[in-house]
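Working notes for the structure below.
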Amino acid sequence: MDKLRAVILGATGMVGQRFVKLLANHELFELSVLAASPASAGKKYGEVAHWYIEGHMPKETAETTVVETTVENVRKAGGADIAFSALPAEVALKVEAEFAKAGIPVVSDASSYRMEPDVPILIAEVNPDHLNLVKLQSRRGWKSFIVTNPNCTTTVLVMALKPIDNVFGIKRVFVSTMQAVSGAGWGGVPSMAILDNVIPYIAKEEEKVQAEVLKIMGSLTGEEVKPAGFKISASCHRVHVLDGHTEAVFVELAKKASPEEVAEAMREFKGRPQELKLPTAPENPIVVREEPDRPQPRFDRYEGRGMSVVVGRIREDPALDNGIKFVVLGHNTIRGAAGNAVLNAELLAREGFI
Ligand SMILES: NC(=O)c1ccc[n+]([C@@H]2O[C@H](COP(=O)([O-])OP(=O)(O)OC[C@H]3O[C@@H](n4cnc5c(N)ncnc54)[C@H](OP(=O)(O)O)[C@@H]3O)[C@@H](O)[C@H]2O)c1
């Protein structure tokens with residue numbers, strides 16, 4: 001099969017750079033066009049992208065001229081069979097619809113369409129059946145569709161909650177987060193604000209986490225997703241870590257379980273990407289660590305090439321009925337953003353949606 005031509009929308013940003021890295025030498029996709037704001041358009045990628053990722057920027061990419069983000073410009077610059085979007089939400093709202101309408105499927109990291117009833121928020125291991133929602137999007141007059149990624153904090157949390165819900169059921173979840181600065185994008189948090197500091201507020205984050213978790217873990221019945229029935233409360237905080245979101249999670253189970261049983265359910269958890277051996281799928285979506293002081297962002301964020309989440313400190317929670325608490329860590333721009341989107345695109349390709 002010929003490779004599918006891919007455009008990255010928002011290619012110069014934190015998530016856009018991860019897309020560049022993940023799509024270099026990919027077996028299903030080839031990077032065809034790089035698009036960004038009018039400020040970067042017409043310039044070489046190497047001049048305008050503030051490369052913050054380990055390793056070098058691919059040489060060919062550095063020499064590629066960035067185009068302004070319109071369907072017409074993308075067509076002129078080489079065309080695309082799929083768009084990976086890392087645009088700010090307010091820009092994505094208009095631009096992603098234009099690409100979907102023009103017949104270019106969009107796999108998006110932006111929040112603009114996540115809560116639309118006919119748009120899936122997809123984690124390939126968790127809710128692959130929700131992909132069927134995209135068939136409804138033709139009613140919008142679009143030739144193609146949008147599939148969204150969750151918010152980065154949500155992705156890491158849902159990965160850990162899914163096997164617990166599958167095996168024991170969930171009644172209530174509390175989560176307190178310690179989120180990396182790269183989660184706010186290039187220039188998102190000034191160094192004077194974050195060094196030697198913790199900021200106990202991230203705009204709209206708690207609302208996103210609370211709503212998205214219930215949609216992703218909900219069940220698709222007919223043409224709509226019925227949200228999961230448990231209650232969830234999130235408190236979100238920015239910490240001076242470069243990459244990797246850490247989350248302290250407290251769960252009231254429907255059926256009592258020991259920490260060992262919860263650890264076993266997590267270790268055994270696999271999904272469609274592992275069955276299909278998708279190129280970006282980690283062998284183990286969840287890695288459970290036994291040491292009392294893990295996971296830690298510096299040591300654990302690249303587990304499974306940044307696609308696994310790492311869980312540790314699983315223990316009983318005496319303040320909840322059938323309570324379990326643990327810590328989960330995931331790489332926010334890989335599993336929490338570009339990596340999850342590439343995995344979703346691989347699933348779309350292998351399942352015949354594109
Ligand atoms: N960072 C994370 O961990 C993370 C995780 C999950 C989801 N997300 C979401 O992913 C998206 C990108 O986040 P990010 O962290 O990569 O942000 P970022 O570093 O600020 O990058 C934003 C990108 O969008 C482009 N852009 C800005 N205004 C534009 C316009 N008017 N037209 C076209 N392109 C425009 C920028 O191009 P220029 O360089 O030319 O300005 C840049 O390429 C956001 O919606 C964010 O919420 C981020």
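The values are calculated or read from the model by the stated rules, or taken from the named source; none is laboratory data. Computed from a predicted structure; not experimentally measured. So basically every Cβ, Gly included, is an ideal-geometry build from the backbone, and we count neighbours across all protein chains shown.
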Filter the range 78-90 for residues that are within 16 Å of the ligand (Cβ to nearest atom) and touching a residue at least 60 places away in the same chain (Cβ under 8 Å); which is farthest from S219 (Cα to Cα)? A80
Being within 16 Å of the ligand (Cβ to nearest atom) and surrounded by fewer than 19 Cβ atoms within 10 Å (Cβ to Cβ) is the filter; apply it to the range 203-215 and report the residue that is nearest to L242 (Cα to Cα). A203
Of the criteria (1) at positive phi; (2) without any contact (Cβ under 8 Å) to a residue 60 or more places away in the chain, which one R75 fails: (1)
I'd like the residue in the range 219-229 that is within 12 Å of L133 (Cβ to Cβ) and in contact (Cβ under 8 Å) with a residue 24 or more places away in the chain and, out of all such residues, is surrounded by the most Cβ atoms within 10 Å (Cβ to Cβ). V225
Search the range 104-142 for residues being basic (K, R) and away from the ligand (no atom under 16 Å from the Cβ), and hand back the single one that is farthest from G222 (Cα to Cα). R140
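Quick grid of which residues meet (1) at pLDDT 95 or above; (2) over 19 Å from V327 (Cβ atoms); (3) within 16 Å of the ligand (Cβ to nearest atom):
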site	(1), (2), (3)
F145	yes, yes, no
C152	yes, no, yes
N166	yes, yes, no
I170	yes, no, no
I194	yes, yes, yes
K255	yes, yes, no
Filtering the range 18-57 down to residues that are part of a strand (DSSP E or B) and within 11 Å of the ligand (Cβ to nearest atom), which residue is surrounded by the fewest Cβ atoms within 10 Å (Cβ to Cβ)? A36
What strands (runs of 3 or more DSSP E) completely inside the range 160-260 contain at least 2 residues that are in contact with a helix residue (DSSP H, G or I) (Cβ under 7 Å, 6 or more places away or on another chain) and either assigned by TED's automatic domain parsing to the domain that holds D300 or not acidic (D, E) (or both)? 170-178, 231-235, 245-253
Residue under question is K325, and the condition is that it be out of contact with any Pro (no Cβ under 8 Å at 6 or more places or on another chain), touching a residue at least 60 places away in the same chain (Cβ under 8 Å) and away from the ligand (no atom under 16 Å from the Cβ); does it hold? yes
Expected output for the range 117-137 (first residue in contact (Cβ under 8 Å) with a residue 24 or more places away in the chain, partner outside any helix (DSSP H, G or I) and of a type in the set (V, I, T), Cβ below 6 Å, 6+ apart or cross-chain) is V119/I146; V119/T148; P120/V147; I121/T148; L122/V147
